[in-house]
Every structure is written in structure tokens, then in C-alpha cells.
Amino acid sequence: MLRKLLLTSLLCAAGAAQAATPVVTPGQSLAATCFNCHGPQGVSTGAIPSLAGRTSASIVDTLAEYKTGKRTGTIMPQIAKGYTDAQIQLIAAYFSQQKP
């Protein structure tokens with residue numbers, strides 16, 4: 001009986017710990033690279049523009065312009081070329097859902 005009680009307690013504790021672990025979406029995981037310059041969750045406090053709250057389409061368009069060379073920059077063309085179109089969609093969707 002004591003073993004069952006201990007086992008049940010351990011399973012409940014493990015379940016609670018697992019439930020407390022935040023879920024990181026693929027978009028958030030990919031967007032984490034952007035946090036270095038554009039701020040946590042895309043909210044910049046400096047000269048670099050914030051991404052949080054921008055429309056998904058505007059972010060996709062901007063990254064596509066960097067990727068194709070239509071828009072110039074120092075680091076962004078290199079970064080944009082490293083993502084597939086599907087990954088850019090995920091990143092854009094993530095930032096569009098963040099509060100500015």
C-alpha cells in the first residue's frame with residue numbers, strides 16, 4: 001500500500017513538473033535568433049526596429065527582399081538567406097502574435 005502511495009505521488013509530481021514546462025513552438029524557436037538584435041519577443045528598445053505586432057505579411061515581404069537582394073543591409077541579407085520560405089512564414093507568424 002505504501003509503495004502504491006509513493007508511486008502515485010511520484011507520478012503526480014512528475015506530471016505537474018511536465019505541465020509547468022512552457023511549450024516552445026517551432027516559430028518561437030526560429031525567432032529566438034532575432035531576439036539578439038530585435039529584443040526579447042521582438043520588442044526592441046534601441047535603434048533596431050521592433051518586430052512584435054507587425055503583420056505576418058510585412059515580415060515575410062521584408063525578409064524576402066533581404067533574401068533576394070532587393071533590400072540591402074549589413075547582416076539581414078545573410079540571415080534571411082539562411083531560412084527556407086516555410087521557416088520565414090513561421091517566424092513571421094510568431095512575431096505577428098506578439099504584443100508590441
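Some points to look at:
- For the range 66-75, backbone phi angles converted through the Karplus equation (6.51, -1.76, 1.60; θ = phi - 60°) give residue-by-residue couplings of 5, 5, 8, x, 5, 10, 9, x, 8, 10 Hz, Gly and Pro being listed as x.
- Nonlocal amide H pairs with residue 44, under 5 Å, H built at 1.01 Å: 50, 51, 52
- Where labels lie 7 Å past Cα in the beta-carbon direction, separation of residue 72 and residue 85 in nm: 2.7 nm
- Among 40, 56, 74 the positive-end extreme of the charge dipole of the range 25-85 (Cβ point charges): 74
- Multiplying the residue separation of residue 64 and residue 32 by 0.36 nm and removing their Cα-Cα distance gives an extension gain of 9.6 nm.
All of the numbers you see were taken from the coordinates with simple rules; none came from a lab. Keep in mind the model is a prediction, meaning the values are calculated, not measured. Positions of Cβ are backbone-derived with ideal geometry, glycine not excepted, and every protein chain shown enters the neighbour counts.
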